[in-house]
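These notes concern the structure reproduced below.
The values are calculated or read from the model by the stated rules, or taken from the named source; none is laboratory data. Note that the coordinates shown come from a computational prediction; the quantities given were computed from them, not determined experimentally. As a convention, Cβ positions derive from the backbone with ideal geometry for all residues, glycine included, and neighbour counts pool all protein chains shown.
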Amino acid sequence: MINITLPDGSVKQYEKGTTPLQVALSISSGLARNVISAKFNDTIVETTTPLQDDGNLVLLTFNDDEGKQAFWHSTSHLMAQALLKLYPDVHLTIGPSIENGFYYDVDLNGELISENDFPKIEAKMLELARGKHDFEMREVTKSEALEYYKSKNNPFKVELIENLEEGTITFCDHDDFTDLCRGGHIPNTGFIKAVKLMNIAGAYWRGDENNPQLTRIYGISFPKQKELKEYLALLEEAKKRDHRKLGKELKLFTFSQKVGQGLPLWLPKGAALRDRLEKFMKDAQEAAGYQPVVSPHIGQKELYMTSGHYQKYGEDSFQPIKTPQDGEEYLLKPMNCPHHCEIFNSQAWSYRDLPQRYAEFGTVYRYEQSGELHGLTRVRGFTQDDAHIFCMPEQLDEEFKKVIDLVLYVFGALGFENFTAQVSLRDPENPSKYIGSDENWTKAEAAILNAAEEKGLNYKVETGEAAFYGPKLDFMVKDALGRQWQLGTIQVDYNLPERFELEYKGSDNEMHRPVMIHRAPFGSLERFIAILLEHTGGNFPLWLMPEQAIILSISEKYENYSKKVLSLLKKHEIRAIFDNRGETMGKKIREAEMNKIPYMLIIGEAEVENETVSVRKHGGDDLGEMPIESFAKILQVETDKEVYKFEV
């Protein structure tokens, strides 16, 4: 017998060789119908895998992220089978699942496939799926695997197999189709009820531009047609919310080929938006005891050699800048932390001086490949809301909790309510991957876990995902469309204090190394604004809006009063503009709606006589006629609800 521990902590006994599907059946037939994959001792297995040892079992459905990955990986096999049925001469390479769906890279080998062929391929996939063919894994020897793919004249699979070790090679069979695969499938093809091929692109074999170019076909699948329809509707909404589209419409930012790829230019409204975000963060940081610092955009190459960033990011950075001085080289900075270490190193410190908290909106530069650039989410120059805390090991727990408070404040003020946290710890089986003493690691990991628990975070623990210099806490936020983004990170670092020989004098009059905390609630302003744009659809919180109100006069004879209203609004610190164009009122209202201005103040004869304004809210709600002071009060109340003062 073996002991199987379920996610609720209960332990059940089963005969050795019992499968996850049989475990599901022992719980309920309804669960068994929906289980599509399983995780045993943190490894994805088939529902038909015989369990031979005691362990933890998680039964996965399509509602689980890992269940979706098994579903989509299985569908990539189905697409590969359909492609071979329709285009027998293509060569298959690899077909993984991705965050939303799957792809398969194929060598067309003279065949022609375009998006016009998608309906035909989808139909063939669904026809094959209806056969309810089981996905079955089997081990093969290296020679058997090589012989099979050599007989298919497939040099790509042969190359993959040549790099595998004997005893680690498995094939997956379903129907008359076989593929090289490590596993992780749904029970059979019949679970796949809805398929949509999304696009087609070029991709180099193994990501190397010196290798042959392949054709990559992307797709997605679902167990119900209704779910596919909902997903496609969500994609249409995402197109409307695309930050590149909204950024252009709202005149926030632009790009110029003459300036260079991946280097955004912020227009006046976008620059004002950035300023407000920076002020918001700076006010909170000041309340939390941070001190502002400023560091240059470049640094000597030796600085980044000392920190290790040159070794880590050298290939992805802009190349060194040579000066007239022989042998002198500078780099555009890829990180702010080496500069902050040198700021700390500029004077002697006592334990009484710690913690020291340095904050900077520092612009950094990384040479991203042109094919990976994407609006504001992937750029070559970006500004981080960076801060580094230098503290004693015994202060780590408290400082970490304070940073969590700051991150939660940012999320609350900006409407990110659906988020989880991930605690990344070291792999105890592989200590050589990490630096620092066991004692310090134990303290750091305990501090993060304790902080996450005390703050009531919805978190998961990932063992082996820590950075080499220390454990970390990442915040994963879901936006209004249900997409997940990483926003906010807190990292504990014993590496840089060692590399830069940072010290403070302790109460014992001995010199000690401080612990360093890296934190960035926004991450980068560029990426954060892109996510915020798509999350809100451009309808930012009122306190962030570039223009909070627009004055629309019915006739030019009310222009003087309109200007008086504009002046009064400015005295109330309300950002407003006056549209005095000779356009129709209908057109002015439509354009104000398109520009997502929260409030329209209509002025006609009655408003002039009564010294009031008629207020129309974005979206069409009519709030009626009121004095300027009453309107100002409405905005004040709304703003106060959105942003509360950060308190330590």
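Some observations on this one:
- Residue in region 241-256 that is more than 22 Å from the chain's Cα centre (by Cα), among the polar types (S, T, N, Q) and more than 29 Å from residue 596 (Cα to Cα) present: no
- So residue 214, is it surrounded by fewer than 19 Cβ atoms within 10 Å (Cβ to Cβ) and touching a Ser or Thr at 6+ places or on another chain (Cβ under 9 Å): no
- Checking each residue in region 127-171 for being part of a loop (DSSP other than H, G, I, E, B), charged (D, E, K, R) and either buried (at least 16 other Cβ atoms within 10 Å of the Cβ) or modelled with pLDDT of 95 or more (or both) picks out 130, 132.
- Positions within region 616-644 being within 17 Å of residue 603 (Cα to Cα), in a helix (DSSP H, G or I) and not hydroxyl-bearing (Ser, Thr, Tyr), in sequence order: 628, 629, 631, 632
- Residue-level analysis places residue 525 outside the set of residues that are surrounded by 18 or more Cβ atoms within 10 Å (Cβ to Cβ), out of contact with any Lys or Arg (no Cβ under 9 Å at 6 or more places or on another chain) and within 29 Å of residue 361 (Cα to Cα).
- Filtered residue count, region 175-200, keeping only those that are surrounded by fewer than 16 Cβ atoms within 10 Å (Cβ to Cβ), under 31 Å from the mean Cα position of the chain (by Cα) and outside any strand (DSSP E or B): 1
- Taking region 43-97 as the range and being in contact (Cβ under 8 Å) with a residue 60 or more places away in the chain and either among the charged types (D, E, K, R) or on the phi > 0 side of the Ramachandran plot (or both) as the test, only 46 passes.
- Test set (1) touching a helix residue (DSSP H, G or I) at 6+ places or on another chain (Cβ under 9 Å); (2) closer than 22 Å to residue 222 by Cβ; (3) free of Cβ contacts under 8 Å to residues at least 24 places away in the same chain - residue 30 fails condition number: (1)
- Number of positions in region 201-234 that are more than 19 Å from residue 72 (Cβ to Cβ) and assigned to a helix (DSSP H, G or I): 4
- Residue within region 74-89 that is hydroxyl-bearing (Ser, Thr, Tyr), buried (at least 18 other Cβ atoms within 10 Å of the Cβ), assigned to a loop (DSSP other than H, G, I, E, B) and in the same structural domain as residue 218 (by TED's automatic domain parsing) present: no
- Residue 578 being outside the structural domain of residue 286 (by TED's automatic domain parsing) and in a helix (DSSP H, G or I): no
- Taken residue by residue, region 453-467 has no member that is buried (at least 24 other Cβ atoms within 10 Å of the Cβ), at pLDDT 90 or above and in contact with a Leu (Cβ under 8 Å, 6 or more places away or on another chain).
Per-residue answers, yes or no, for (1) touching a Pro at 6+ places or on another chain (Cβ under 7 Å); (2) at pLDDT below 95; (3) of a type outside the set (Asp, Glu):
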site: 581; (1), (2), (3): no, yes, yes
site: 602; (1), (2), (3): no, no, yes
site: 622; (1), (2), (3): no, yes, no
site: 641; (1), (2), (3): no, yes, yes
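So that you can scan it fast, the table gives a plain yes or no per residue for (1) touching a helix residue (DSSP H, G or I) at 6+ places or on another chain (Cβ under 6 Å); (2) among the charged types (D, E, K, R):
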{"residue": "229", "(1), (2)": "no, yes"}
{"residue": "247", "(1), (2)": "no, no"}
{"residue": "254", "(1), (2)": "no, no"}
{"residue": "273", "(1), (2)": "no, no"}
{"residue": "282", "(1), (2)": "no, yes"}
{"residue": "290", "(1), (2)": "no, no"}
{"residue": "297", "(1), (2)": "no, no"}
{"residue": "306", "(1), (2)": "yes, no"}
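- Verdict on residue 132 being at positive phi and either free of Cβ contacts under 8 Å to residues at least 60 places away in the same chain or among the polar types (S, T, N, Q) (or both): yes
- Residue 534 closer than 27 Å to residue 271 by Cβ and part of a helix (DSSP H, G or I): yes
- Test: residue in region 338-359 that is surrounded by 13 or more Cβ atoms within 10 Å (Cβ to Cβ), at pLDDT below 95 and charged (D, E, K, R): no
- Candidate set from region 247-261 (those that are in contact (Cβ under 8 Å) with a residue 12 or more places away in the chain and outside any loop (DSSP other than H, G, I, E, B)); member that is nearest to residue 536 (Cα to Cα): 247
- Yes/no for residue 171 being within 23 Å of residue 40 (Cα to Cα), outside the structural domain of residue 32 (by TED's automatic domain parsing) and in contact with a Leu (Cβ under 8 Å, 6 or more places away or on another chain): yes
- Checking 208, 242 one by one, the residue that is of a type in the set (Asp, Glu), touching a Leu at 6+ places or on another chain (Cβ under 9 Å) and more than 24 Å from residue 193 (Cβ to Cβ) is 242 and no other.
- Selection of region 459-496 for residues being acidic (Asp, Glu) and closer than 16 Å to residue 524 by Cβ yields only 474.
- With respect to the conditions (1) touching a strand residue (DSSP E or B) at 6+ places or on another chain (Cβ under 8 Å); (2) under 16 Å from residue 135 (Cβ atoms); (3) not in a helix (DSSP H, G or I), residue 50 falls short on a single one, namely (1).
- Residue 237 vs. criteria assigned to a helix (DSSP H, G or I), loosely packed, with under 15 Cβ neighbours inside 10 Å and charged (D, E, K, R): yes
- Every condition in (1) in contact (Cβ under 8 Å) with a residue 24 or more places away in the chain; (2) of a type in the set (Val, Ile, Thr); (3) more than 30 Å from residue 64 (Cα to Cα) holds for residue 192 except the one numbered (3).
- Answer from 365, 330, 310 - the residue that is touching a Lys or Arg at 6+ places or on another chain (Cβ under 8 Å), surrounded by fewer than 19 Cβ atoms within 10 Å (Cβ to Cβ), not aliphatic (A, V, I, L, M) and not assigned by TED's automatic domain parsing to the domain that holds residue 395: 330
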